[in-house]
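Reviewing the structure listed below.
The values are calculated or read from the model by the stated rules, or taken from the named source; none is laboratory data. Values in this document were obtained by computation on a predicted structure and should not be read as measured data. Quick reminder, even Gly has a Cβ in these numbers, built from the backbone with ideal geometry, and neighbours come from all protein chains shown. Note: areas computed on protein heavy atoms with side chains; ligands, DNA, RNA excluded. Shrake-Rupley method; radii C 1.70, N 1.55, O 1.52, S 1.80 Å.
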Amino acid sequence: QVQLVESWGGLVQAGGSLRLSCAASGSIFSINAMGWYRQAPGKQRELVASITNSGSTNYAYSVKGRFTISRDNAKNTVLLQMNSLKPEDTAVYYCKANFIAIASLRAMDAWGQGTLVTVSS
């Protein structure tokens, strides 16, 4: 069993900053990639940013230059630094990990429980 535990989001004013963290634990042989997704009310879940085990990153166009994803491979942790936040960044943010399970040595996905980020105007 694999668990992803996310930090609390919170309420921040437009233009402010917030950092999210996510730690993976459990029966993990290795983690291929980690990322953050978000889902705003009435909208589909979308990729915000992802990072591979080699450090390659990918960002949604809407957050490029404002958000930074980083990763601590030794701790199976991924961070999302969010700067210059906008009201349209308001959403539930989910952490995701693509990992190799110890039992099967197969690639699997795990999701965090989600954390609410609210940006006020």
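Please report the antiparallel percentage of the DSSP beta bridges confined to the chain, to the nearest 5. Write out the running numbers ahead of the final one.
Numbers: 44 of 48 bridges.
Expressed as a percentage, antiparallel bridges in the chain total about 90.
So if a site counts as exposed when it's one of the trypsin sites (Lys or Arg not before Pro), its DSSP state isn't H, G, I, E or B, and it has at most 11 other Cβ atoms within 10 Å, what's the longest stretch of the chain without one?
On the way: sites that count: K43, K64, R106.
In short, 1-42.
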Name the residue from C95, A60, P41 whose Cα lies farthest towards the positive end of the charge dipole of the chain, charges +1 on Cβ of Lys and Arg and -1 on Cβ of Asp and Glu.
A60
Approximate spin-label separation Q39-Q3, in nm, with each point projected 7 Å along Cα-to-Cβ
2.2 nm
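What is the stretch 58-121 by shape, rounded, prolate or oblate, if you read a ≥ b ≥ c off the alpha carbon gyration tensor as root eigenvalues and call it rounded for a/c under 1.5, prolate for a/b larger than b/c, and oblate otherwise? Write out the running numbers ahead of the final one.
Working: a/c = 2.74, a/b = 2.07, b/c = 1.32.
Prolate.
Any chance you could run the full-extension gain for A74 through A103? It's 0.36 nm times the residue separation minus the Cα-Cα distance, nm to one decimal. Don't skip to the end; give the middle numbers.
Details: separation 29, 0.36 × 29 = 10.44 nm, distance 2.04 nm.
That pair, A74 and A103, stretches by 8.4 nm at full extension.
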Compute the FRET efficiency between Q113 and Y61 as 1/(1 + (r/R0)^6), taking r as their Cβ-Cβ distance and R0 = 25 Å, and round to the nearest 0.05.
0.40
Sort E6, E46 by heavy-atom solvent-accessible area, probe 1.4 angstrom, most to least.
E46, E6
If every Lys and Arg gets +1 and every Asp and Glu gets -1 at its Cβ, then about the Cα centre the chain yields a dipole, in debye to the nearest 20, of 120 debye
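Of all the Cα-Cα pairs you can form in the chain, what percent are over 21 Å apart?
Numbers: 2479 of 7260 pairs.
In whole percent, the long-distance tail amounts to 34.
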